[in-house]
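Contents: one structure, followed by commentary.
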Amino acid sequence: MVMRYCLILPAIFTCLFNAEARSIPVGLYHDRVISSVVISCSTGTYHIESGDEIIGTMEEGELLFVRLENDSLVLHDSDREYGSFMEIRLNYMALGSSFRIRPIEPALESRTYDDNLILRGGDRFITLVNLVDFDKYLAGVVEAEAGPNAEPEFYKAQSVLCRTYAVKYLDRHETEGYALCDGVHCQAYRGKSIYNPAILEAVVETTGEVLTDSNHQLIVAAYHSNSGGQTQRAADVWVTNHPCLQSVVDPYSLHQPNAKWSDTISFRDWKNYLIRNGMKSVHKMPDEIIYIEQMRRKKYFILDRDSMLMTKIREDWGFKSSFFDMFPEGDSIIIWGKGYGHGIGMSQEGAMKMARDGYLYRDILHFYFYNVKLMDFGDLPAYSLPDVQFR
Ligand SMILES: [Zn+2]
């Protein structure tokens, strides 16, 4: 097991920081327990390899079946059984190749990926790793995280954030044998970007660019759907301080699709909830004042000497954001909310509006992030990069 990682990963990570061939290993369907898949070649020709040997080829339209049996991968196509292997690699013969995967057990949606695939056996599931050009990976992420209908300058800003995030967390799945997973735990990646060619163009035009603070440290490249008119200071939500993530008054997010929301809860449930959470002052306060009002974002709801984090209230009640006001209506409370998401960093809808108004991606990033620099990650000092160690 350890030897296997040893053979593959150091070379891959060296590649990532080499301008000639920046590629990244991404774990696919990482939160599913997959024991059988069918793979088809969408474009190009692939060598099927195990160890140092080429054991076959896969041409456009051909299918390959892989199932797990006693920890090993049993491989066959429509003509022949190849045998069983601990690891199989599908390596393209020309740039621009792509393949499609469809998990059979369990049955899941199929997805198309650029570049190469590594399959590894194991005691419970097959590990699937897409070894993909870093920019093509980012185009897939940008499409999954932001959709296909935005302006090029927005896509450039989003690309820089997704790249910053990816480089900062390259060591997240080190023990599993890849850099990042394809879920929201890292960044959503559902395969090749296919809906809008402007996405890959935006990624390529910003290639290598990441956001750092004044000490060349990669920032936490946070983004969310809509700020509701004011972004949230990271220190109001997270334990550690992030000087680049301050609260910004954000007029661009107003009047966008997720700028407003509303909800209704019962007054009695609200009062009981506050008491259950230690807000004892509720007992001595008149009902008219146990409501939340926020002209500007607050960190706490304060009532006499008691307080509760706004983020906890949002989480407990499942509200779209922690930026809202309450109004009494009979036995109920109407909630008028602003924005969608945690509110930290770039508001995607605000950034889309800025791009439509003619702002450049650099302007957008400097608007949402305080005191940041755009740098090529290849120029970062070693102390600013994750310490990826492989046994
Ligand atoms: Zn992850």
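The values are calculated or read from the model by the stated rules, or taken from the named source; none is laboratory data. Source: prediction; values computed, not measured. Every residue, glycine among them, receives a Cβ derived from its backbone with ideal geometry; neighbour counts consider all protein chains shown. The accessibility values were calculated without ligands, DNA or RNA, using every heavy atom of the protein model including side chains. Shrake-Rupley method; radii C 1.70, N 1.55, O 1.52, S 1.80 Å.
Tabulated values for the structure
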item: Cα lying deepest toward the dipole's positive end in the chain, options Ser110, Asn70, Leu218, charges on Cβ; result: Leu218
item: Å² of accessible area per residue within the chain, as computed with a 1.4 Å probe and no ligands counted; result: 47
item: Cα gyration tensor shape for the chain, rounded if a/c is under 1.5, else prolate or oblate; result: prolate
item: Separation of alpha-carbon centers, segment 84-108 and segment 277-315, rounded to whole Å; result: 53
item: Prolate/oblate/rounded label for segment 195-244 (Cα gyration tensor, a/c 1.5); result: oblate
item: Sum of side-chain charges, His255 neighbourhood, beta-carbon under 10 Å (Lys, Arg +1; Asp, Glu -1); result: +1
item: Percent accessible area from carbon and sulfur atoms, the chain, protein chains only, probe 1.4 Å; result: 50
item: Residues whose placed amide H lies under 5 Å from that of Ile24, excluding near-sequence neighbours; result: Val132, Asp133, Phe134
item: Share, in percent, of DSSP beta bridges within the chain that are antiparallel, nearest 5; result: 95
item: Largest-first principal axis extents of the Cα set of segment 156-237 (Å); result: 35, 34, 25
item: Rg over Rh [alpha-carbon atoms, Kirkwood Rh] for segment 260-338; result: 0.92
item: Per-selection Kirkwood Rh - segment 31-117 (Cα, Å, 1 d.p.); result: 13.1
item: Fully extended contour minus Cα-Cα distance, from Glu60 to Arg296, at 0.36 nm per residue; result: 79.3 nm
item: Charge sum, other residues only, whose C-beta stays under 10 Å from Thr112's C-beta, Lys/Arg counted +1 and Asp/Glu -1; result: +3
item: Amide H within-cut-off set for Ile55, under 5 Å, with H built and near neighbours excluded; result: Ile48, Glu49, Ser50
item: Gain on full stretching of the segment that runs from Ile289 to Asn91 - 0.36 nm per residue minus C-alpha separation; result: 64.7 nm
